[in-house]
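Here is the structure we will look at, set down as structure tokens.
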Number of protein chains: 4
Amino acid sequence: MTRKGYRVIAEFSIHPLGEGTSVSRYIRRALTELKKAKGLRLQVTPMATVIEAEKLSDILSAVKAAHESLFRMGAKRVDFVLRIDDRRDKQRRMEDKVRAVT
Amino acid sequence: MTRKGYRVIAEFSIHPLGEGTSVSRYIRRALTELKKAKGLRLQVTPMATVIEAEKLSDILSAVKAAHESLFRMGAKRVDFVLRIDDRRDKQRRMEDKVRAVT
Amino acid sequence: MTRKGYRVIAEFSIHPLGEGTSVSRYIRRALTELKKAKGLRLQVTPMATVIEAEKLSDILSAVKAAHESLFRMGAKRVDFVLRIDDRRDKQRRMEDKVRAVT
Amino acid sequence: MTRKGYRVIAEFSIHPLGEGTSVSRYIRRALTELKKAKGLRLQVTPMATVIEAEKLSDILSAVKAAHESLFRMGAKRVDFVLRIDDRRDKQRRMEDKVRAVT
């Protein structure tokens, strides 16, 4: 399905369980993986990373790579939350969503 | 990465925005898509569908198919939440998680 | 605001960070707190607890008590996700939501 | 339970179902309610609002007020997601979380 110019906006939050109270080195690794993915725009917030992409599959691939990278660091259990907002009646980017409500 | 016997457990909740207050026919379609996917175990709850699979990628493919199916029904905006719990130090299934806490 | 017969349906998932890979004893404690709350119906799923109540405030109080109980057990960091579905055009209970989609 | 200097960090995302594909006027109203609450720090992101407060109960009250305000605008069904990150071994603010991972 082609979606000329439509962008999927997502939010991703990941952490290992049982690797200590501070998990920032795992989040940094996950971010490194997200940055390697082609065509994603990223915005780090205090609770998650916002992702904008042309296709959902690009987001899913990047999230999967981030997830696997935490196991390679030694994590035994990894949880994540991915929220997707996909709108195809109107072109918009990350910034447009913030602008519309502030 | 092989994970002998380890199962990923996930939770998936999806709905269109702007297609009326009742969205059950969209959820039914999403469930139909999840059921078409090979190797998934599903449990419908009042707030989501719990999914168990051998690999994260099987879950991501099924979720993507469910998401696209809502657009084919005419939805213009679709939101979903996917939560993943992936544990690789211990074999367990959906039922084990409930049993451990009740 | 009175909502004669309308019920709020929610989903709650909680865990401590840094208290080991297995967190079931914390979930059990959180469930004990939820059960103490008056007027809640609960359903434990492999990924969360579904809560039905007459008012949102009843859910929020119970969730807060569950959250604090994990710190009393010694947790230093606690994360939770609460999803709310509040519909006021139609009376329904937990079971109705499942029935509508299966 | 007193938590001298410890701050709870949260993320809140709300929308009505069945009130059209664009829901920004509802989000604006929810934000107006959050801003009325005393003692909250807010950051609007493309997918949610990050909230920092001294106590969980301050966040829960504000979220409840935001939720009710959407029904007063005429919404018949309102869904929200609230994610909480409460850490009590270390003082930190919103900005510290971003700084730790970037």
What whole-number distance in Å separates the alpha-carbon centres of region C:28-102 and region B:2-71? 22
In percent, what relative contact order does region B:5-68 have, based on Cα pairs under 8 Å that are 6 or more apart in sequence? 43
Using the Kyte-Doolittle scale, which helices in chain D average at least -0.5 and also have C-alpha atoms spread 15 Å or more along the helix axis, with helices defined as whole DSSP H runs? D:56-72
Would you mind working out the magnitude of the charge dipole of the protein assembly as shown relative to its Cα centre, with +1 at each Lys and Arg C-beta and -1 at each Asp and Glu C-beta, to the nearest 20 Debye? 0
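Once you charge only the Cβ atoms, +1 for Lys and Arg and -1 for Asp and Glu, what is the size of the charge dipole of region B:29-83 about its Cα centre, to the nearest 20 debye? All intermediate terms of the calculation are to be shown ahead of the outcome.
Working: 11 positive and 6 negative charges, 36 e Å.
Using only the charged Cβ atoms, the result is roughly 180 debye.
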By accessible area with a 1.4 Å probe, ligands and nucleic acids excluded, highest first: order of B:Glu52, B:Glu19, C:Glu95: C:Glu95, B:Glu19, B:Glu52
In the structure shown, do any of C:Lys55/D:Lys55; A:Lys64/D:Lys97; A:Lys38/B:Lys97 have a Cα-Cα gap over 25 Å, and if so which? A:Lys38/B:Lys97
Let me know the volume per residue of the alpha-carbon convex hull for region C:47-102, in Å³. 96
Quick tally, 1.4 Å probe accessible area for C:His67, B:His15, sorted with the most first, runs B:His15, C:His67
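Tally Lys/Arg at +1 and Asp/Glu at -1 over every other residue whose Cβ is under 15 Å from the Cβ of C:Gly18; what's the total? Each step should come with its number before you reach the end.
Details: positive: A:Arg25, A:Lys76, A:Arg77, C:Arg25, C:Lys76, C:Arg77, D:Arg87, D:Arg88, D:Lys90, D:Arg92; negative: A:Glu19, A:Asp79, C:Glu19, C:Asp79, D:Asp85, D:Asp86, D:Asp89.
After counting each charged neighbour, the total is +3.
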If you scale each eigenvalue of the Cα gyration tensor by 5 and take the root, what three semi-axes come out for chain A, rounded to whole angstrom and sorted largest first? 27, 15, 10
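For chain D, what is the mean residue ellipticity at 222 nm derived from helices alone (per DSSP H run of n ≥ 4: -39500 (n - 2.57); sum divided by total residues; nearest 500 deg cm²/dmol)?
The helix-only estimate for chain D comes to -11500 deg cm²/dmol at 222 nm.
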Quick one: label points 7 angstrom along Cα→Cβ at D:Gly39, distances to the other copies in nm, smallest first? 2.5, 4.8, 5.1
Work out the length of the dipole vector of chain A about its Cα centre, built from +1 on the beta-carbon of each Lys and Arg and -1 on the beta-carbon of each Asp and Glu, and round it to the nearest 20 debye. 280
Using square roots of five times the C-alpha gyration tensor eigenvalues, list the equivalent-ellipsoid semi-axes of the protein assembly as shown in whole Å, biggest first. 26, 26, 23
Filter the trypsin sites (Lys or Arg not before Pro) in region D:23-102 to those in DSSP coil with at most 10 other Cβ atoms within 10 Å of their Cβ, and list the result. D:Lys38
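The values are calculated or read from the model by the stated rules, or taken from the named source; none is laboratory data. The structure presented is a predicted model; accordingly, all values stated were derived computationally and were not measured. Don't worry about glycine lacking a Cβ; one is built from the backbone with ideal geometry, like all the others, and counts go over all protein chains shown. Surface accessibility is based on the protein's heavy atoms, side chains included, excluding ligands, DNA and RNA. Shrake-Rupley method; radii C 1.70, N 1.55, O 1.52, S 1.80 Å.
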